[in-house]
Amino acid sequence: MQLLKDKSYWLSLSLMLSLAVMGLFYDILNSPDRGYVILNSPIDRMLPFIPAMSIPYLGWYPFVFGVLAYLCAKDRLMYYRVLLSMNICVWICYLIYFNFQTMVPRPELNGSGLGAVVIGWLYSQDRPYNCFPSIHALHSYLVMRAVLSVSTIRKSVKVAVAAGASLIIISTLLIKQHVIYDALSAIILGECIFTIITGLSLYRRRRKESKWTEGIN
């Protein structure tokens with residue numbers, strides 16, 4: 001309850017708006033105007049199309065922002081690191097989309113039920129471009145990676161976050177919104193940038209500590 005009265009928490013939390021600002025550029029790039037490539041693999045051809053998985057796919061929004069809010073409360077420095085990593089990764093994704101646009105062919109929609117309705121709406125809202133790397137997989141992986149890196153977070157929370165992130169990443173493949181290359185490239189990109197940001201942060205901290213402790217025996 002005390003946390004909700006902490007102005008610094010809400011100020012730090014407001015930095016998540018940077019992700020929303022970045023999202024404004026997504027639709028500009030989400031087109032075939034520059035040509036496109038279709039990436040596919042035998043694994044993607046074997047994976048079934050499951051419309052109901054569109055529900056956890058859309059759960060990405062509350063999941064990512066909820067985990068970020070939790071990180072902001074539990075470990076502010078880790079929150080800053082992962083948020084910076086997410087922004088840098090999105091810029092890299094946009095550069096890739098501009099220079100190497102990909103498209104995922106979508107299956108014909110049949111049937112009824114909640115899953116079919118949701119995926120029909122999803123397909124109508126998001127064009128089948130901007131696929132490689134997958135931002136859905138990228139952000140899901142990064143928040144999971146950050147939570148797993150904080151020693152003070154309970155194991156049960158880590159398991160829940162890992163399960164949620166994994167389900168969302170898998171859902172991108174089962175609703176044919178992305179292919180396996182999109183998910184793998186997102187994970188590799190996220191891991192590289194997160195490792196670099198974490199390494200630079202630790203190096204800066206060590207330099208600062210050594211500056212004040214230099215000459216002390």
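The values are calculated or read from the model by the stated rules, or taken from the named source; none is laboratory data. Keep in mind that this is a model prediction, so the values were computed, not measured. Cβ: placed from backbone, ideal geometry, glycine included. Neighbour counts: every protein chain shown. Accessible surface is based on the protein model in full, side chains and every heavy atom, while ligands, DNA and RNA are left aside. Shrake-Rupley method; radii C 1.70, N 1.55, O 1.52, S 1.80 Å.
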Handout entry: Extended-chain gain in nm, criterion 0.36 nm per residue less alpha-carbon gap, Trp121 and Arg154
Key = 8.2 nm
Exercise for the section: Calculate the spin-label point distance for Cys192 paired with Ile43, positioning each point 7 Å from the Cα along the beta-carbon direction, and give it in nanometres. Expected result: 1.8 nm
Problem - Förster-model FRET efficiency, 41 Å R0, Leu95 and Leu13, C-beta, rounded to 0.05 - result: 0.90
Problem - Relative contact order of the chain, pairs being alpha-carbon contacts under 8 Å that are 6 or more residues apart, as % - result: 30 percent
Handout entry: Label-point separation, Tyr26 to Leu184 (7 Å along Cα→Cβ), nm
Key = 2.5 nm
Exercise for the section: Take the solvent-accessible surface of the protein heavy atoms, probe 1.4 Å, and return the percent of it on the chain that carbon and sulfur atoms account for. Expected result: 67 percent
Completion exercise
In degrees rounded to 10, the 0-90 angle between helix 180-213 Cα long axis and the longest Cα principal axis of the chain is 10 degrees
Handout entry: Simple spin-label estimate for Ala163 and Ile50 in nanometres, 7 Å along Cα-Cβ
Key = 1.5 nm
Fill in the blank from the handout: Averaged per residue, the 1.4 Å probe accessible area of the chain, protein heavy atoms only, in Å², is roughly 56 Å²
Problem - Degrees, to the nearest 10: 135-149 long Cα axis against longest axis of the chain - result: 30 degrees
Problem - Cβ crowding within 10 Å averaged over residues, with 94-104, 11-21 ranked highest first - result: 94-104, 11-21
